[in-house]
Amino acid sequence: MRLTMVGTGYVGLVTGVCLSNTGNEVTCLDTDARKIETLRQGGCPIYEPGLTDLMERNIAAGRLKFSTDPKIAHRDADMIFICVGTPSDERGHTDLKYVESASDDIADVLKALGPKQKPKIIVVKSTVPVGTTFFVRDRIRARVGAEIPFEVADNPEFLKEGAAIDDFNKPDRVVVGVEHEWVGEAMKDLYDPFVRNGHPVYVMDVLSAEMVKYASNNFLATKISFINEMANLCEAYGANISRVREGMCSDKRIGNAFLYPGLGYGGSCFPKDTLACIMMGDKAGIEATLSKSVHAVNQKQRDRFFDKVQAHFKKDGGLTGKTIAFWGIAFKPRTDDIREAPALTLMRKALGYGAKCRAFDPVANENARREMGGGNGEGGVTICEDMYDAVKGADALIVSTDWDEFKSPDFDRIKTLMKGRAIFDGRNLYKTSMMAQAGFHYYSVGRAPVHPQ
């Protein structure tokens, strides 16, 4: 098939590359000319394991192309996938301006081609509030008139950053929402190479398909907020969340996925999608009470963790003049995505109380420099190129992302480099007994703090 991806972010680029790898002719469209030129040269604007190699292979084979021109990208496409961003505005409402722009560009090309063309399938892959696919249909129809043929479908993505290639190639399920049966069959043909492992393609109505993504992400966000609330209770009563988690997760009805205590969820999906569920409830006059609580618990989790930092330094005059080191800036390992990252929240809090910050991340340093004013020390933040360089002269270390290289560090070296002896572990990477023996004040999540022996 001839396919076009509108947008070259995580979803559009991964989808386009993986679909080109099964023999489809794919054009990835973006308004950012510099980004498109980088892609044409084989450069990848995002960090995703395995993506660059797969992209280079399909560019060389002539199956994957990049363009800034909607006329070229849409003219011969059988299917056009809308994969643009749908950020939350200041109210937490979903901003559809990029979806609207993509729809208008598609309509202009359809109108220019005229009524005798083969019907194109316009697939909304962006995560959008329920009813948006029909909004796209009606917006395009209003611009092209009744005579121009086209169809719409919704095809939500379920890609985890850091494992997106595997998720696309070996999906747990593929969900497609359609109005007409033949569109569903066309979508099943497209995804057939990816579901030969026996996993299903669910073809359903459009509104239900849109809701599947929100229901899935909101449930996973609920699990994260739940385990963090349990961790807070464990701290209050002296229980150990690690032991509690073992006991509860052995119940096969519960399982262990997404039940790890920490600094709360971040990234581009869970915060945005939880807020979208709240927004949809408000618009329908149905209060999304649980979603509101999930979001509130998540946001407070970072505040609670920072309270530990402040409490530790209270007897030492507070944070003013202190240096806080951070291991990890991305919101999770195996990605360079810093959107809604807990580390950035904690850095800004520390800066607000007069501290300086030194930080290191294996892949997100460049994004952090852009976000934090260059990362050269101006403004109080220094982005370092080595995990041990980050702790030089630091009064405390905050572990904010659970990259593998942080799991077994040289603690003797850390003590030599650091000025202070405090480690705040937001990912529970280390055993409390070991940290006491190593000579650190150690604070984690859902476990009692330990102090040097």
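Per the Debye calculation on the chain with a single equal scatterer at every Cα and no solvent contribution, log₁₀ I(q)/I(0) for q = 0.07, 0.08, 0.12 Å⁻¹ amounts to -0.41, -0.52, -1.06. Sorted on the mean count of surrounding Cβ atoms within 10 Å across their residues, most packed first, peptides 333-339, 254-260, 208-214, 13-19 read 13-19, 333-339, 208-214, 254-260. According to the Kirkwood relation over distinct C-alpha pairs, the hydrodynamic radius of segment 154-214 is 11.8 Å. By how many degrees, between 0 and 90 and to the nearest 10, does the Cα long axis of helix 51-60 differ from the longest principal axis of the chain? For helix 51-60, the angle is close to 30 degrees.
Spread over its residues, the convex hull of the C-alpha atoms of segment 133-281 is 154 Å³ per residue. Based on the reciprocal of the average 1/r between different C-alpha atoms, the Kirkwood radius for segment 343-453 equals 14.4 Å. The distance linking segment 201-269 with segment 1-48 is 32 Å (Cα centroid to Cα centroid, whole angstrom).
First select every other residue whose beta carbon is under 11 angstrom from the beta carbon of His295; then total the charges, Lys and Arg +1, Asp and Glu -1.
Working: positive: Lys272, Lys292, Lys300; negative: Asp273.
Overall, the nearby charge balance is +2.
Report summary: the helix-based calculation at 222 nm, which adds -39500 (n - 2.57) for every DSSP H run with n ≥ 4 and divides by the residues of the chain, gives -13500 deg cm²/dmol.
Need the C-alpha centroid separation for segment 270-333 versus segment 83-161, integer Å. Centre-to-centre distance over Cα atoms comes out at 33 Å. Using bins of 5 Å that start at zero, the share of Cα-Cα pairs per bin across segment 181-247 amounts to 3, 13, 14, 13, 13, 9, 8, 9, 8, 6, 3, 1, in whole %. The relative contact order of segment 356-453 comes to 20 percent, based on Cα pairs under 8 Å that sit 6 or more residues apart.
The Kirkwood radius of segment 284-391, taken over pairs of alpha-carbon atoms, gives through the Stokes-Einstein law at 37 °C and 0.692 mPa s a diffusion coefficient of 220 µm² s⁻¹. For segment 336-384, just list the percent of Cα-Cα distances falling in each 10 Å bin from zero outward, please. Answer for segment 336-384: a P(r) of 28, 63, 9 percent. Using bins of 5 Å that start at zero, the share of Cα-Cα pairs per bin across segment 18-135 amounts to 2, 10, 18, 20, 20, 16, 10, 4, 1, 0, in whole %. On a 0 to 90 degree scale, rounded to 10, what angle separates helix 270-284 from the longest Cα axis of the chain? Taking the Cα atoms of the chain, the angle to 270-284 is about 60 degrees.
Charge tally around Ile106: other residues with Cβ under 10 Å, Lys/Arg +1 each, Asp/Glu -1 each, net +1. For segment 296-351, the ratio of Cα radius of gyration to the globular rule of thumb 2.2 N^0.38 Å stands at 1.23. Full extension of the chain between Asp251 and Ala436 yields a length gain of 63.4 nm, computed as 0.36 nm times the residue separation minus the alpha carbon distance.
As an equivalent ellipsoid, segment 1-68 spans semi-axes of 15, 13, 11 angstrom, where each value is the square root of five times an eigenvalue of the C-alpha gyration tensor, largest first.
Every number here is computed from the coordinates shown, using simple stated rules; none is lab data. What you are looking at is a predicted structure, and each value in this text was computed from that prediction instead of being measured. As a convention, Cβ positions derive from the backbone with ideal geometry for all residues, glycine included, and neighbour counts pool all protein chains shown.
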